[in-house]
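Below is one structure, written out as structure tokens; the observations come after it.
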Amino acid sequence: MMVAKGFSKKLKLNIKSIKIDVSGEMDKNKSKGFSLIKTTYYIDTDDSEKQINKFINLIEKYCPVKLTITDSPEFETEIKII
């Protein structure tokens, strides 16, 4: 949501409200993981469809969650017994 707020200010959009839903379908052929992740945007605005499409494209391009999923980081596990 922080990415959306930042780009809406940068693009000087008049967004009255925004809701972003993310859902997924489990991959039935694997024991774990998703076969589809879907993002749905609900936007109350007076801005043009062209402006909103540009806005969504920027969000999708720079969203840290999406970037993490599409370009998986290395995982590290640390255990500290105290």
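Based on the Cβ-Cβ distance from K66 to N14, what FRET efficiency comes out when R0 is 30 Å, to the nearest 0.05? All intermediate terms of the calculation are to be shown ahead of the outcome.
Values: r = 25 Å, r/R0 = 0.84.
Efficiency, rounded to the nearest 0.05: 0.75.
With a cap of 14 neighbouring Cβ atoms within 10 Å, and only residues DSSP puts in a loop, list the chymotrypsin sites (Phe, Trp or Tyr not before Pro) found in region 35-82.
Working: sites: Y41, Y42, F55, Y62, F75; in loops: F75.
Filter output for region 35-82: F75.
How many times 2.2 N^0.38 Å is the alpha carbon radius of gyration of the chain? Walk me through the intermediate numbers first.
On the way: Rg = 17.0 Å, N = 82, 2.2 N^0.38 = 11.7 Å.
Against the empirical 2.2 N^0.38 Å value, I get 1.44 for the chain.
Please give the calculated 222 nm ellipticity per residue for the chain, where each DSSP H segment of at least 4 residues contributes -39500 (n - 2.57) and the sum is spread over every residue; nearest 500 deg cm²/dmol? Each step should come with its number before you reach the end.
Values: 3 runs with 30 residues, N = 82.
For the chain, the value works out to -10500 deg cm²/dmol.
Kindly provide the trypsin sites (Lys or Arg not before Pro) of region 5-82 that DSSP labels as loop, not H, G, I, E or B, and whose Cβ sees at most 11 other Cβ atoms within 10 Å. Walk me through the intermediate numbers first.
Details: sites: K5, K9, K10, K12, K16, K19, K28, K30, K32, K38, K50, K54, K61, K66, K80; in loops: K12, K28, K30, K32, K80.
Filter output for region 5-82: K12, K28, K30, K32, K80.
Looking at region 43-82, which GluC sites (Glu not before Pro) are in a loop (DSSP not H, G, I, E or B) and have at most 13 other Cβ atoms within 10 Å? Present the calculation step by step, with values, prior to reporting the outcome.
Values: sites: E49, E60, E74, E76, E78; in loops: E74, E76, E78.
Loop-located and lightly packed - E74, E76, E78.
Under 5 Å between amide H atoms, partner at least 5 residues away or on a different chain: which partners does F34 have, H built in plane at 1.01 Å?
Residues meeting the criterion, in which the H sits 1.01 Å from N, are D27.
Compute the length gained on full extension between K28 and D47: take 0.36 nm times their separation in residues and subtract their Cα-Cα distance, giving the result in nm to one decimal. Intermediate results must be reported in sequence, preceding the final value.
Numbers: separation 19, 0.36 × 19 = 6.84 nm, distance 4.02 nm.
Length difference between fully extended and current span is 2.8 nm.
Pop out the ³J(HN,Hα) list for region 65-82 in order, Karplus 6.51 cos²θ - 1.76 cosθ + 1.60 with θ = phi - 60°, rounded to Hz; leave Gly and Pro as x.
5, 4, 4, 5, 6, 7, 10, 4, x, 6, 9, 9, 10, 10, 10, 10, 9, 10
Any read-out appearing in this document is the output of simple, stated calculations on the displayed coordinates, not a laboratory observation. Note that this is a predicted model, so its numbers are computed, not measured. Cβ atoms come from the backbone with ideal geometry, glycine included; neighbour counts cover every protein chain shown.
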